[in-house]
Amino acid sequence: MQGSLVVIEGLDGSGKSTQFEIVDKLLSERNISHKSISFPDYDNPSSALVKMYLSGEFSKNAADVNAFAAASFYAVDRYASYKLYWEKVYKSGDLILASRYVTSNAIYQMVKCEKSEWDSFLDWLFDYEYERLGLPRPDSVIFLDMPISVSQKLLSARYNGDENKKDIHEVDVEFLKRCREAALYTAEKFNWNIIQCSDGENPFPKEKITSEIMKIIDRF
């Protein structure tokens with residue numbers, strides 16, 4: 001017996017973390033047996049290389065860090081989290097709610113490859129993490145689509161206007177635009193659920209987005 005794995009994905013500033021917390025609380029209020037996990041797992045040593053990467057220790061430019069190496073940083077963190085904290089829960093039949101997952105590598109690392117190589121990168125990535133590392137495949141991926149112009153405003157508000165607090169992904173607007181393109185490409189290819197989170201200029205109310213997410217999770 002195994003449970004269901006639902007992933008909430010989104011670029012930086014999409015409201016993903018907020019929605020993850022709201023949905024986690026709603027599931028608890030409904031007495032739905034579940035476990036919520038978030039990646040990277042910054043509280044554990046397994047995320048050390050991720051922290052070094054995001055802080056710019058390898059390079060201040062994310063594109064300069066090899067896609068396969070960076071993807072491996074995140075994959076190892078996920079493997080450690082799975083084996084230590086949620087494998088037994090998942091295999092007992094519970095719902096797992098994840099904020100980011102293998103799918104984040106498809107969004108943030110694939111863009112470092114030429115578009116002609118995107119499909120081969122996705123083949124490598126999913127074989128690596130799902131088959132060779134043995135991580136569960138998601139039953140559903142929910143992508144919160146927020147235009148970069150809107151997400152940048154939200155990020156600036158989060159950091160009270162201090163741009164120095166942004167990591168190497170958040171600070172590079174052109175990189176994030178390419179990531180959004182990669183996300184939408186992967187979403188179409190693998191039938192992710194896409195939820196529009198703004199009218200193009202302003203974010204939708206949190207309640208509206210939460211409602212759309214819960215409609216999908218209710219299937220499980």
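Label-to-label distance for Arg30 and Glu87 is 3.0 nm, based on points extended 7 Å past Cα in the beta-carbon direction.
Between Val150, Val102, Val111, the residue with the greatest mean-square fluctuation in the GNM of the chain (Cα pairs under 10 Å linked by springs) is Val150. Need one word for segment 12-138: rounded, prolate or oblate. Basis is the Cα gyration tensor (sqrt eigenvalues a ≥ b ≥ c); a/c below 1.5 gives rounded, then a/b vs b/c decides. Prolate, because a/c is 1.5 or more and a/b exceeds b/c.
Dipole orientation for the chain: of the candidates Tyr79, Trp124, Ser55, Tyr79 has the Cα lying most toward the positive pole (charges on Cβ; Lys, Arg +1; Asp, Glu -1). The residues of the chain present an accessible area of 49 Å² per residue when probed at 1.4 Å with all protein chains retained. Computed over the chain with a Gaussian network model linking Cα atoms closer than 10 Å, the most mobile of Ala69, Ala48, Ala106 is Ala69. Per-residue ellipticity at 222 nm from helix content only, as computed over the chain with -39500 (n - 2.57) for each DSSP H run of at least four residues, stands at -13500 deg cm²/dmol. Annotation: extensible slack from Lys208 through Asn44 equals 55.7 nm (criterion: 0.36 nm per residue apart, minus Cα-Cα distance).
Separation of the alpha carbons by more than 21 angstrom is noted, of Lys16/Lys112; Lys153/Lys177; Lys25/Lys206; Lys51/Lys115, for Lys16/Lys112; Lys51/Lys115. Within the shell defined by Cβ-Cβ distances under 10 Å, the residues around Trp86 carry a net charge of +2, with Lys and Arg each +1 and Asp and Glu each -1.
Of the labelled figures [x] 11.8; [y] 17.0; [z] 13.1, only one reflects mean projected area of the Cα convex hull in nm² as derived from the coordinates, namely [x].
Solvent-accessible area assigned to carbon and sulfur over the chain amounts to 48 percent, based on a 1.4 Å probe.
Note: relative contact order over segment 4-129, using C-alpha pairs below 8 Å and six or more positions apart, is 39 percent.
Identify the trypsin sites (Lys or Arg not before Pro) of segment 1-67 meeting these criteria: DSSP loop state and at most 14 other C-beta atoms within 10 Å of the C-beta.
Arg30, Lys60
What shape does segment 25-71 take by its C-alpha gyration tensor, where a ≥ b ≥ c are the square roots of the eigenvalues and a/c under 1.5 counts as rounded, a/b above b/c as prolate, and the rest as oblate? Note, shape of segment 25-71 comes out prolate. For the chain, the relative contact order works out to 33 percent when only alpha carbon pairs closer than 8 Å and six or more residues apart are counted.
By its C-alpha gyration tensor, with a ≥ b ≥ c as the square roots of the eigenvalues, how is segment 64-160 shaped: rounded for a/c under 1.5, else prolate for a/b larger than b/c, else oblate?
Judged from the Cα gyration tensor, segment 64-160 comes out oblate (a/c at least 1.5, b/c at or above a/b).
Relative to the Cα centre, the charge distribution of the chain, modelled as +1 at Lys and Arg Cβ and -1 at Asp and Glu Cβ, gives a dipole magnitude of about 440 debye.
The values are calculated or read from the model by the stated rules, or taken from the named source; none is laboratory data. None of the values given here were measured: they were computed from a predicted structure. All Cβ positions, glycine included, derive from the backbone under ideal geometry; neighbour counts span all protein chains shown. Ligands, DNA and RNA are excluded from the accessible area calculation, which covers all protein heavy atoms including side chains. Shrake-Rupley method; radii C 1.70, N 1.55, O 1.52, S 1.80 Å.
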